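Participant: I have a structure here, written as structure tokens, and I will follow up with some questions on it.
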């Protein structure tokens, strides 16, 4: 699993998606503010959520959680789910 310093370095390259650029798949991560900080989840990996006091912290935490989960799937010989969601912005009249 990647250490926190490597994840932070990749995040500074432009986005958390850089984490998956190292020969891995890109998964959509949804980050939302909460009353106490932030929460994050990946629609492609049901049941995996993470929280953090800051946006940076929640990004690191969700990456660690997903990496741990995917490592476990690989060790058990199970398939890693294919990403299938995407995001888009639409313009709406105000």
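The values are calculated or read from the model by the stated rules, or taken from the named source; none is laboratory data. The shown structure was predicted, so the numbers you read here are calculated from the model rather than taken from an experiment. So basically every Cβ, Gly included, is an ideal-geometry build from the backbone, and we count neighbours across all protein chains shown.
Participant: Which pairs turn up if I take residues in the stretch 66-78 that are farther than 18 Å from residue 30 by Cα and look for partners that are in a helix (DSSP H, G or I) with beta carbon separation below 9 Å, at least 6 apart in sequence or on another chain?
Facilitator: The qualifying pairs are 78/72.
Every residue, every condition in (1) at pLDDT 85 or above; (2) crowded, with 16+ Cβ neighbours inside 10 Å; (3) in contact with a strand residue (DSSP E or B) (Cβ under 6 Å, 6 or more places away or on another chain), yes or no:
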residue: 40; (1), (2), (3): yes, yes, yes
residue: 43; (1), (2), (3): yes, no, no
residue: 47; (1), (2), (3): no, no, no
residue: 53; (1), (2), (3): yes, no, no
residue: 59; (1), (2), (3): yes, yes, no
residue: 68; (1), (2), (3): yes, no, no
residue: 72; (1), (2), (3): yes, no, no
residue: 81; (1), (2), (3): yes, no, no
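Participant: Now a separate question. When the residues of the stretch 10-38 are narrowed to those that are outside any loop (DSSP other than H, G, I, E, B) and surrounded by 15 or more Cβ atoms within 10 Å (Cβ to Cβ), which ends up modelled with the lowest pLDDT?
Facilitator: It comes out as 18.
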